[in-house]
């Protein structure tokens with residue numbers, strides 16, 4: 001005698017663990033390829049990335065100076081959008097921007113369409129062409145500087161290096177003077 005077949009089927013129901021693992025792997029690969037490209041479409045993405053790159057170089061130069069007991073400098077090529085850090089060659093204060101004991105420093109670049117607008121050192125010196133050098137001393141002192149970056153859509157960020165601590169702060173917009181006023 002046959003009973004009711006409700007709820008019984010000869011066909012398998014659901015997915016196996018292997019099938020679910022394959023689908024999750026494919027989704028992970030696709031998202032890994034698509035998300036970085038989608039993030040670069042955001043207007044501030046390249047500007048934030050560039051600010052972090054410069055901030056990393058500032059921290060690295062400060063650390064190298066303090067740990068190594070030598071003057072280090074952050075050298076910025078305003079026209080090419082590259083920057084690097086290097087130990088200053090010779091005895092302490094001599095030399096020109098970019099002259100260092102390391103003949104092949106690792107050059108870094110700004111992301112995407114970001115460029116350096118200018119670099120302001122102290123109260124009076126402002127440069128928007130050529131090489132600019134910001135020195136970091138072994139006792140933690142650094143030349144005060146404002147680095148202005150411009151990104152897509154005329155967005156601007158100001159990177160402010162504090163003279164006594166060597167710390168860097170990032171602000172949106174163009175900050176004009178050494179006292180942090182917006183201009």
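Sort the following peptides by mean Cβ neighbour count (other Cβ atoms within 10 Å, averaged over residues), highest first: 22-35, 125-138, 62-75.
62-75, 125-138, 22-35
Let's test the formula: R0 of 30 Å, r as the Cβ-Cβ distance of residue 109 and residue 172. What FRET efficiency results, to the nearest 0.05?
Taking R0 as 30 Å, the efficiency between residue 109 and residue 172 is 0.85.
I need the calculated FRET efficiency for the pair residue 67 and residue 155, taking r as the beta carbon distance and R₀ as 35 Å, to the nearest 0.05.
0.50
Compute the FRET efficiency between residue 117 and residue 28 as 1/(1 + (r/R0)^6), taking r as their Cβ-Cβ distance and R0 = 30 Å, and round to the nearest 0.05.
Numbers: r = 40 Å, r/R0 = 1.33.
The pair residue 117/residue 28 has a calculated efficiency of 0.15.
Just to be sure I follow: if Rg is taken over the C-alpha atoms of the stretch 45-172 and Rh is the Kirkwood radius over the same atoms, what is Rg/Rh?
0.95
Just want the ordering: 80, 50, 45, from fewest to most Cβ atoms lying within 10 Å of their own Cβ.
Placing the least packed residue first, the sequence is 80, 45, 50.
Every read-out reported here was derived from the displayed coordinates using simple, explicitly stated rules and does not represent laboratory data. Not measured: the values here are computed from a predicted model. Ideal geometry is used to build each Cβ from the backbone, glycine not excepted, and the neighbour counts take in all protein chains shown.
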